[in-house]
Amino acid sequence: LALSAGAVALPAAGTTLSTLEPPVLPQLRAGTRPRIAVSRSRPPEFVVELARRTGADLVPIGSAGAKISAVLTGRVEAYVHAGGQYEWDSAAPVAVALASGAHASRIDGSPLTYNQGDPSLPDILVSLPGLAPTLLAGIRDLHR
């Protein structure tokens, strides 16, 4: 099922991101290290090596919605997670990300699928579009 509408409230920032008026994606910051949002409590082990290989910094952030919103607002350039989550953790923020033109997929590059019999999603990558090929290639190298 394709996601068509979603919204993410960011109460601390006093704003809501939605598909109705998708946020304008920030640009990749030339000459700076990309930042990858990871789980505060359970970041995937391979992401430490991915960050080293791609010259990225890891930024621990709370919920999946907060991490995806951080990509959309320019706090980070990507979010990588492989510890499993449920559809409801990412569906609305992914809808907003896709409406904004961000890259959103499984970590192998395959599409995210929602409204399945099993509501679990094993992994996710959301990033600025220009960074996605580098991250996907790095992930492929690490998961051979």
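The values are calculated or read from the model by the stated rules, or taken from the named source; none is laboratory data. Bear in mind the structure is a predicted one, so any value in this text is a computation, not a measurement. Every residue, glycine among them, receives a Cβ derived from its backbone with ideal geometry; neighbour counts consider all protein chains shown. Ligands, DNA and RNA are stripped out before the accessible areas are found, and what is left, the full protein with its side chains, is counted by its heavy atoms. Shrake-Rupley method; radii C 1.70, N 1.55, O 1.52, S 1.80 Å.
Taking (1) surrounded by fewer than 20 Cβ atoms within 10 Å (Cβ to Cβ); (2) more than 26 Å from residue 141 (Cα to Cα); (3) touching a residue at least 60 places away in the same chain (Cβ under 8 Å) in turn, residue 66 satisfies each apart from (3). If you go through the stretch 30-41 and keep only what is farther than 24 Å from residue 95 by Cα and either in contact (Cβ under 8 Å) with a residue 12 or more places away in the chain or surrounded by 15 or more Cβ atoms within 10 Å (Cβ to Cβ) (or both), you end up with just 33.
Restricting 125, 112 to residues that are hydrophobic (A, V, I, L, M, F, W, C), closer than 23 Å to residue 7 by Cβ, surrounded by 15 or more Cβ atoms within 10 Å (Cβ to Cβ) and touching a Phe, Trp or Tyr at 6+ places or on another chain (Cβ under 9 Å) narrows the list to 125. Contact map, the stretch 87-103: first residue open to solvent by less than 40 Å² (accessible area, probe 1.4 Å), second residue part of a helix (DSSP H, G or I) and at pLDDT below 95, Cβ cut-off under 6 Å, separation 6 or more or different chains; pairs are 90/64; 93/65. Taking the numbered list (1) farther than 18 Å from residue 23 by Cβ; (2) crowded, with 18+ Cβ neighbours inside 10 Å; (3) among the polar types (S, T, N, Q) in turn, residue 120 passes all entries but (2). At least 1 residues being closer than 23 Å to residue 20 by Cβ is the threshold, and among the helices (runs of 4 or more DSSP H) wholly inside the stretch 40-116 those reaching it are 64-73, 87-100.
Scanning the stretch 1-18 for residues that are more than 16 Å from the chain's Cα centre (by Cα) and of a type outside the set (A, V, I, L, M), we see that the one that is farthest from residue 61 (Cα to Cα) is 4. Would you pick out the residues in the stretch 1-29 that are open to solvent by 50 Å² or more (accessible area, probe 1.4 Å) and either within 17 Å of residue 121 (Cβ to Cβ) or part of a helix (DSSP H, G or I) (or both)? Hits for the stretch 1-29 are 1, 2, 3, 11, 12, 13. Could you list, in sequence order, the residues of the stretch 76-120 that are of a type in the set (D, E, K, R) and more than 13 Å from the chain's Cα centre (by Cα)? Residues satisfying the conditions are 87, 108, 118.
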